[in-house]
Structure formats: C-alpha cells, structure tokens
Ligand code: SF4
C-alpha cells in the first residue's frame, strides 16, 4: 500500500518513520517554498483517505522488520496531515501498538478547530508552522485557501498550548526579503510570546522551492532573528553554498545503496523508493527517476519488464533472473 516512508534520518527527530496521511498534494496552503511542488488539491475539508486499520497493519509489519529501531513515528506526508479525518483514530491505534513517541508536523491551519486539537491530545510532539503573523505576509508566503486568517491560526496555537501536555516546537521558515525583515520579526515576536512553545525552530529554503527565484535567508540573518526571538530559538536549516557538492555526495551514496539493493533482486520504482527511505511525494520520486535513468544510461542498471511491471536490475548480475520478461 505504501503509506509509510523511511525511517529517514532527521536532524530534529532522529530515526523518523513517516506516515503519509493525505494523498499528494492535498493541503490548505500552497507555500512558495514547498519542496513537494505546487498544491494540486487546495482544501480545508477533512476527509477519510485510508482505512486506519490498514495503516496500523503496515506499521506493525514495518516496526517488526525494523526491530523497533525508530525514534519517532511522524504523521506528515504529501500535504497537510490534519486534513485526514481519521487522525484521532490513527493516533489512538498507534498508541495501542507501540510506546514509540508520535510527532505531528502541521501547517497549523486547522488548529483553530477544537476537534482537531482534541484529536492531537495523545501525541507527544507537535511541530506547527507559523511563517508570518500578519495577513499580507502570510498570504504572500503560504498562499492559503481563501478565507484563512492568520489571527485565527495564532489563536488556535495559543489554545493548543493551553490544552496540550506534550512538546510544541514552533517552526518558522524564512525567505529572504519576504518574511525575514524587521517588521515581520516584530509581529512574529508577539505571536511567539503568546504561543509560548518549548522551542522555536528557524528554517529556510534549503531544497528547490515550488516557486522559482525564492531565496533562503542568510545564515547571519537567521542568527540575528534567533537572537531576537530569545533563548528558545534555534536555527535548524541553513542554506549552504556547498549544497551542490553535498548533493553530489548524496546521490553517490544513493547510487551505491541502489546497486547493493538491486544486486540482490530486481525492484520496482516504488520498492526502491521505499527501501531508500525516500518520501513518497512526487518531487522526491522524480528525483529518484532521474538518478535511475542516469544509472541506466551509464550501464550500471538495466530495465526489464515482467508481468506488466517495470523492474530495475544491477547490470553486473546474470541475465534471466526474470524468466517471464516480455
Ligand atoms: S510546505 Fe507544507 S503547508 Fe506548505 S504547501 Fe507544502 S505541504 Fe502544504
């Protein structure tokens, strides 16, 4: 079924096993910096997308396979996870299955709904976003569904703080000149004071954004803003000029892992993405397709079709493992 991704090594959450709670890309926002690409289903309507029992079945199998070596089960995915109307049921069922803490990443847009906050009661950690505290900047950065008011989001976050007993790590993603200027920070300071999270995490545009030309805030500006927001603020994302170099070594290690995996058995694209711990979102899948294409072009892999399915196989392995290839 493939609603799980990872575990991925997260700077903030350690070994995080992700649960994709909504189909790609169902969200109430269309953030200019989103690394999943543009929102294709912009909505505030909560819906049942998957039978919670199937999610739990898949989780049970994956945790058994991983021997419980997971630091967080993270409800996130290809859009806004709180749009899943079965959120509360999924959380309760995970709590009945394991003691591994649950984290939820949210854009905060549904937190003004008391029912959504109630469904989050049993969670251990909530990482809500708030990128701007005034309506014009909020609209510029997050391109929300019409009618969403940032004051209501802030009120929802304040209520969450009052009612929720777990940790809240507020995430603020800063884009150069768009929401990192003094007037933006002044408004954010007031909101942060009212929300009183355990931590404030400052992030910036590290991966290719949905809208071209959006630039990351400089490390100096991030450090200045962290100092203005007080001792709870930490910088978690930094754009690094050597990122392209890191990208090269990342894809080198990814290539190595793919070859190791495909030496043992041919796999489909979905199986490779899952074993490599890749997020199932479209943008990440496209990245993987590019890497696989390059590997086929350079004769490291070959493509074979078996029973209507396309498989990738390491070129060095013997021919004919797929007897029924067409
Ligand atoms: S960054 Fe998150 S909230 Fe913003 S559009 Fe992407 S999935 Fe939605």
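Since every read-out is calculated from the coordinates, none of them should be taken as a lab result. Worth saying up front: this structure is predicted, and the values here are computed from it rather than measured. Note that we place each Cβ from the backbone using ideal geometry, even for glycine, and neighbour counts take in every protein chain shown.
Here are a few things to note about the model shown:
- Principal-axis analysis of the Cα atoms of the chain puts helix 243-264 at an angle of about 40° to the longest axis.
- The alpha-carbon atoms of the chain define a convex hull whose volume equals 141 cubic angstrom per residue.
- Extension gain for residue 38 to residue 293 (0.36 nm times residue separation, less C-alpha to C-alpha distance): 89.4 nm.
- Most mobile listed residue (54, 83, 36) in the chain, GNM with C-alpha springs under 10 Å: 54
- Mean residue ellipticity at 222 nm, helices only, the chain: -12000 deg cm²/dmol; runs of at least 4 DSSP H residues each add -39,500 (n - 2.57), and the sum is divided by the number of residues.
- Hydrodynamic estimate: the Kirkwood radius of the range 127-197 over Cα pairs, inserted into Stokes-Einstein at 10 °C and 1.306 mPa s, corresponds to D of 127 µm²/s.
- The gain in end-to-end length when the residue 223 to residue 315 segment is fully stretched comes to 28.3 nm, 0.36 nm per residue minus the alpha carbon separation.
- Three principal axis lengths of the range 90-226 [C-alpha, angstrom, descending]: 45, 28, 26
- Virtual spin-label span in nm between residue 98 and residue 54, 7 Å along Cα→Cβ: 2.0
- Average 1/r across all pairs of distinct alpha carbons in the range 23-132, invert it, and you get the Kirkwood radius: 14.7 Å.
- Centre separation in Å (Cα based) which lies between the range 178-198 and the range 51-88: 32
- FRET efficiency for the residue 15 to residue 165 pair, using the beta carbon distance and R₀ = 25 Å, is estimated at 0.55.
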